[in-house]
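Student: Here you go, one structure.
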Amino acid sequence: MRIGIYVTTLPTTVFINRLISDLTTAGQRVYVFGTAVQHHKKIPNVKYISYNLYSRFNLSKFFTWLRYSFLLGVWKAKEKKKLDAHLKENHVLSRHTQARFYPILWHKPTVFHVQWVKGVEDFLWVQEFGIKLLVSLRGSNIYVNPAIEPETAEQYRRVFSKLNGVHGVCRDIIRAAQPYGLPTSNAQVIYSGLPLQHFKFLPPSKRDASETLHLISVGRPSWVKGLHYAIEALARLQKGGMAFQYTIVGGAPPEELLYQVSEYGLQDRVRFVPQLATDAVIQHLQKASLLLLPSVSEGIANAAIEAMAVGTAVVASQCGGMQELITSGENGFLVAPRNPSAIASTIRFWSQLTLKEKDALANKGRATVAQNFTSERTSDAFLEFYQKHA
């Protein structure tokens, strides 16, 4: 089986890199298609087909087009002519689209897995050449984009019934896609997994004791992540005399968050950290008391899975698929979305638990990850998914 993975841009996400690596380890032939926007580390034994947008004279796209035009013109002239006719009919025949699509036609994977559903309509043509088209449903692409972009909702209604297979990161995201015409018959839930053996578990009783709570959030500082609700919750805790430090990892903060931090006088307690490599994020999680995930919309946050793997408790909004990961009060905490009071009271509740109770919560969190969210389980499920639709 030849597995084509379309990632849009390179470097791609940690989860997708883990999937690619696991598939290769399982002996599959993996081809990764995308546009390289900066230098990226390549996974051994994976065939990367991309052109570089960071090259000095930006000639990479031209040479990609030239190479695959020649290969197809000599060995697959009829298929090249058929694809060009399709592009012309859809008014997108250009060197740019040919540079994107010619490599896919040349390598002709058995299955072609588009990682982001928005824009998948561009790839329906692969089915005319016997390639099975699969797509993943993740986060904002389902929960947010079609709700605020009518054209995206219409695209989904046109496309969903035409796809050969659909992967959802949680059950709730499959449910959320059904109003846009997704048939459940070709949809499969596969949870994100991580290599648990690389995540050192450190329960609260084994961590450095401190009277200061170390709180952390991980993710881009978008309104969808609800960080302003967490900041408001912390302002309430500050009034109550609680000592804490809050670190937000994920990029430059928007001005409204900076203003909010200043307005509440939290400048010495809240810090924003740029995007970090996975290992650095894990180190932050291992040192944290709690991970705050006050999202307005969420599938199943990878940061929450990682936190539970290392023994850090999670306080998350009950939205999307988070209740498929967290059973509130047993392996973490769920609070109502957009509710700073609930976030603050949950943080207070956790801080008053005994070390034995905190350890029990952490142990159950780790057990949840071990049962349902490992790389081995995920890669096995994806292989089954690909073989089913090949």
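The values are calculated or read from the model by the stated rules, or taken from the named source; none is laboratory data. A quick note: this is a predicted structure, and the numbers were derived from the prediction, not measured. When we count neighbours, we look across all protein chains shown, and the Cβ atoms used for this are built from the backbone with ideal geometry, even at glycine.
Student: Right, GLY73: surrounded by 19 or more Cβ atoms within 10 Å (Cβ to Cβ) and either closer than 28 Å to ALA303 by Cβ or not polar (S, T, N, Q) (or both) or not?
Tutor: No; evaluated as a whole, the condition is false for this residue.
Student: Only one residue in ASN52, ASN90, ASN58 is more than 24 Å from the chain's Cα centre (by Cα), over 23 Å from LYS132 (Cβ atoms) and assigned by TED's automatic domain parsing to the domain that holds GLY119, so which one is that?
Tutor: ASN58
Student: Going through ARG18, ARG67, ARG29 one at a time, which residue ends up being of a type outside the set (Phe, Trp, Tyr), surrounded by 16 or more Cβ atoms within 10 Å (Cβ to Cβ) and more than 30 Å from VAL144 (Cβ to Cβ)?
Tutor: Values: ARG18 fails: more than 30 Å from VAL144 (Cβ to Cβ); ARG67 fails: surrounded by 16 or more Cβ atoms within 10 Å (Cβ to Cβ).
Matching residue, one of ARG18, ARG67, ARG29: ARG29.
Student: Between residues in segment 22-36 that are hydroxyl-bearing (Ser, Thr, Tyr) and residues that are assigned to a helix (DSSP H, G or I) and surrounded by fewer than 21 Cβ atoms within 10 Å (Cβ to Cβ), which pairs lie under 6 Å by C-beta distance while being six or more apart or on different chains?
Tutor: TYR31/HIS107
Student: So in segment 1-11, with the set limited to residues that are among the β-branched types (Val, Ile, Thr) and surrounded by fewer than 18 Cβ atoms within 10 Å (Cβ to Cβ), which one is farthest from PHE385 (Cα to Cα)?
Tutor: Step by step, filter segment 1-11, then rank; the result is THR9.
Student: I would also like to ask the following. Could you check GLY320 against (1) free of Cβ contacts under 8 Å to residues at least 24 places away in the same chain; (2) among the small types (Gly, Ala, Ser); (3) part of a loop (DSSP other than H, G, I, E, B) and say which number it fails?
Tutor: (1)
Student: Any chance you could count how many residues in segment 102-121 are closer than 21 Å to LYS80 by Cβ and in contact with a strand residue (DSSP E or B) (Cβ under 9 Å, 6 or more places away or on another chain)? Walk me through it before giving the result.
Tutor: Applying the first criterion (closer than 21 Å to LYS80 by Cβ) to segment 102-121 yields 102-110, 112.
Filter once more, so that each one left must be in contact with a strand residue (DSSP E or B) (Cβ under 9 Å, 6 or more places away or on another chain): 103-104, 106-110, 112.
Number of matching residues: 8.
Student: Within segment 141-221, considering only strands (runs of 3 or more DSSP E) that don't extend past its boundaries, which have at least 2 residues that are over 24 Å from VAL273 (Cβ atoms), modelled with pLDDT of 95 or more and not hydrophobic (A, V, I, L, M, F, W, C)?
Tutor: The strands (runs of 3 or more DSSP E) meeting that bar are 165-168.
Student: Please specify each residue of segment 44-100 satisfying the condition of being hydroxyl-bearing (Ser, Thr, Tyr), within 30 Å of LEU19 (Cβ to Cβ), touching a helix residue (DSSP H, G or I) at 6+ places or on another chain (Cβ under 8 Å) and assigned to a helix (DSSP H, G or I).
Tutor: Scanning segment 44-100 gives THR64, TYR68, THR97.
Student: Would you pick out the residues in segment 351-365 that are crowded, with 19+ Cβ neighbours inside 10 Å and not charged (D, E, K, R)?
Tutor: LEU361, ALA362, GLY365
Student: Among the residues of segment 346-386, write down those that are of a type in the set (S, T, N, Q), assigned to a helix (DSSP H, G or I) and either in contact with a strand residue (DSSP E or B) (Cβ under 9 Å, 6 or more places away or on another chain) or at pLDDT below 95 (or both).
Tutor: The answer is THR346, SER351, THR368, SER375, THR378, SER379.
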